[in-house]
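Engineer: Handing you a structure now.
The values are calculated or read from the model by the stated rules, or taken from the named source; none is laboratory data. None of these values were measured; they are calculated from a predicted model. As a convention, Cβ positions derive from the backbone with ideal geometry for all residues, glycine included, and neighbour counts pool all protein chains shown.
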C-alpha cells in the first residue's frame, strides 16, 4: 500500500511560539484518519501545512507522494479540503453556481461540470435548493456544500476540518456513512479529518492521533490507543438515590481522586495501593446512601483523550 | 479565467440596480463632461483644432477610468474575498493561486470595456465628440502598454494588502494622481512646472497623451514614439517589480499564516 500522507518532524513556528512540533506520521491510501485536539492544539495548522496554505518552518511533508513545498501545485490537485468556516462561499450565488465555479477552478472538464455538480447536489440532498442563493442556506446545508466542494474534482485525498460541525444528527450521520462507506470503502480515498466528536473518533476512524501543544501525543488504532494510554483505574458507582454532597463525602475516602458526580452516578479514579472498597461502602452507608452498582467504568476514549490532549474542557 | 469572469458577472447581476447604476452612471459622466466643456471659454488651438475640449475631456475621463480599474480594484476585490472567507478555498484549488486571487476582478475589466464603448458612443452620438481622425490601432497599443503598467501598480497594491491587510494607504494616491496630475481634465502644461514633474513620473500621463494623439489627431505609432517609449519603460520596471512583490507577499502570508486574516 502506498503512502497518502507522510510527514517527518514537521514543525511550524510563529516567531518564538511553536504551533506544531516534530510531527511524524504515515497515513496509507484508503485510510480514514482522525486528528483530535483542543482548540489551539495545532490541528488546523497541521492541515493547512498539508494543503499548502501554510509553509512549514522545518521538516518534510508529502501528500500523494508530492512535497508540499516543492510541488504545491500537484498537492493542491490531489486534495479536497473541507474548511471549518462553512460560510466560505459566495452568498449571492446559488449553491449550484458556487459549485460550478469551484469545479472550473479545480480543472473539472467543462463537459463534466454539470453532471458532477448535479451528482453532488443529489448526494447531499441539496438538489431542491440548488438554485437558491447560498446566503439563504441553513448552517447544515452550508456545511454539506463545504463537503460537496471538496469532492468536485474527485481527489484521492480529503482533508476535513470538523466536517459535521453544525449539522443536525441525521445529516451528520449521513455524512459519516458517506465518508466511511462511499468515500473510503468504495472509492478508496484517504480521509484526514479533525473532530471534537468522540463518536467519530471511536467508530469512524481507522486510526487516530491526539495532538496537544503542537505535539502528537497518541497515534494508532482506536483500540490500540485505549491499551496504550493506561491510566489509574476508573471506578463507577450507581446509587439508589442521589446523595447530598456526595463529592465531599467521598473525598474523605483514602486513594480517591478526580471525582465526578452526576445525579446518582459517581465516577472516580483510585490509587489502588491505598484505596479500600470496604471504606467506600462504609462511608456511603453511614451517610444513608445505597449502592446499586459498583465496578470499573468503561474508560472508552473520553478519559484517555482528555489526558492526552491535556484539556479538561475538551471531552 | 472564464469562470472568474462569469462569477463576477453573476454576482453583479444578483444586485438588481447594479447594471442601471454602472451604465446609466457611466453615461451621466459624459453629460457632465459636455456641461463642463460648455462652460470652458477659451480653448488652446491644439485642442480646438482636433475635436475641441469636450473630446479632450471625453478621452481623458473615459480612458482614465478604464485604465485605472486595476489600480483601484485589484486589491479591493481580494479584500472582499478575505472578508467573505473565500480566499483559502480559492488557494487550495488546482488553479494557480496568483491567478485565482488577481482574477477576482476579471469581470470588472470586461464590464469596463462595455462602459467605455457606451461612454464613447454617447459622447460621439449625443454630444458631437470628434473621433473622425482616430487611429484605433495606435490607441490599442497604447491601451495595452498602459494597462500593463497601471495593473502592475494594482498588483503592487494587492501585495501591500496581503501583508498589511489594508490597501487604503495607496488608494488616496491613485485618485489624486489620476485626476490632478495626469491631465484628465486639463492639459498638464497648465500645471506649475514643479507639479509637472510629478505628472511625468506617472504612466497615466503618457497613456492619455498617447490616446489623445491617436484618437484626436490620428497620430501613428511612429508619431507617438515618445509616450510609447515612456510606457514601455514603466512596463519594464513595474511588471517584474509587481510580480516579485506579489509572489513575496503570498510567500509571506504562507509563512505567517495570515492568508485568511483581514
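Engineer: Only one of (1) touching a strand residue (DSSP E or B) at 6+ places or on another chain (Cβ under 7 Å); (2) more than 30 Å from residue A:263 (Cα to Cα) is not met by residue A:154, so which one is it?
Structural biologist: (1)
Engineer: Any idea which of (1) within 24 Å of the chain's Cα centre (by Cα); (2) in a helix (DSSP H, G or I); (3) at pLDDT below 90 is the one residue A:111 doesn't satisfy?
Structural biologist: Among (1) within 24 Å of the chain's Cα centre (by Cα); (2) in a helix (DSSP H, G or I); (3) at pLDDT below 90, residue A:111 violates only (1).
Engineer: Turning to a different aspect of this structure: Consider residue A:156 against the criteria (1) without any contact (Cβ under 8 Å) to a residue 24 or more places away in the chain; (2) within 24 Å of residue A:65 (Cα to Cα): it satisfies all of them except one. Which criterion is unmet?
Structural biologist: Condition (1) is where residue A:156 drops out.
Engineer: Just to confirm my filter: which helices (runs of 4 or more DSSP H) fall fully inside the stretch A:238-315 and include at least 2 residues that are at pLDDT 80 or above and not assigned by TED's automatic domain parsing to the domain that holds residue A:197?
Structural biologist: A:246-250, A:277-286
Engineer: Still on this model: Conditions first: (1) in contact with a strand residue (DSSP E or B) (Cβ under 6 Å, 6 or more places away or on another chain); (2) under 30 Å from residue A:294 (Cβ atoms); (3) surrounded by fewer than 18 Cβ atoms within 10 Å (Cβ to Cβ). Residue A:222 passes all but one, so which condition is the exception?
Structural biologist: (3)
Engineer: Can you confirm whether the stretch B:1-12 contains a residue that is at pLDDT 80 or above and away from every other protein chain (no Cβ under 14 Å)?
Structural biologist: no
Engineer: If you go through the stretch A:133-152, how many residues are farther than 16 Å from residue B:85 by Cβ, part of a loop (DSSP other than H, G, I, E, B) and away from chain B (no Cβ under 12 Å)?
Structural biologist: 1
Engineer: Being in contact (Cβ under 8 Å) with a residue 60 or more places away in the chain, surrounded by fewer than 22 Cβ atoms within 10 Å (Cβ to Cβ), assigned by TED's automatic domain parsing to the domain that holds residue A:78 and not in a loop (DSSP other than H, G, I, E, B) is the requirement here; does residue A:165 meet it?
Structural biologist: no
Engineer: Say we look at the stretch A:98-107 and pick out the residues that are touching a helix residue (DSSP H, G or I) at 6+ places or on another chain (Cβ under 6 Å) and farther than 12 Å from residue B:89 by Cβ; which of these is nearest to the other protein chains (Cβ to nearest Cβ)?
Structural biologist: By that ranking, first place goes to A:104.
Engineer: Working only within the stretch A:36-74, note down all residues that are out of contact with any strand residue (DSSP E or B) (no Cβ under 7 Å at 6 or more places or on another chain), surrounded by fewer than 23 Cβ atoms within 10 Å (Cβ to Cβ), within 12 Å of chain B (Cβ to nearest Cβ) and closer than 17 Å to residue A:155 by Cα.
Structural biologist: Listed by number, the residues that qualify are A:72, A:73.
Engineer: Okay, next question. Just to be sure I understand, how many residues within the stretch B:104-147 are buried (at least 22 other Cβ atoms within 10 Å of the Cβ) and within 14 Å of another protein chain (Cβ to nearest Cβ)?
Structural biologist: Qualifying residue count for the region: 1.
Engineer: Here is a follow-up. I need the full set of residues from the stretch B:218-262 which are free of Cβ contacts under 8 Å to residues at least 40 places away in the same chain and within 22 Å of the chain's Cα centre (by Cα), in order please.
Structural biologist: Correct list: B:225, B:226, B:229, B:230, B:233, B:236, B:237, B:240, B:244.
Engineer: Still on this model: Assess whether residue A:79 counts as being buried (at least 19 other Cβ atoms within 10 Å of the Cβ) and under 26 Å from residue A:18 (Cβ atoms).
Structural biologist: yes
Engineer: Could you tell me how many of the residues in the stretch B:183-212 are surrounded by 24 or more Cβ atoms within 10 Å (Cβ to Cβ) and on the phi < 0 side of the Ramachandran plot?
Structural biologist: Matching residues across the stretch B:183-212 total 8.
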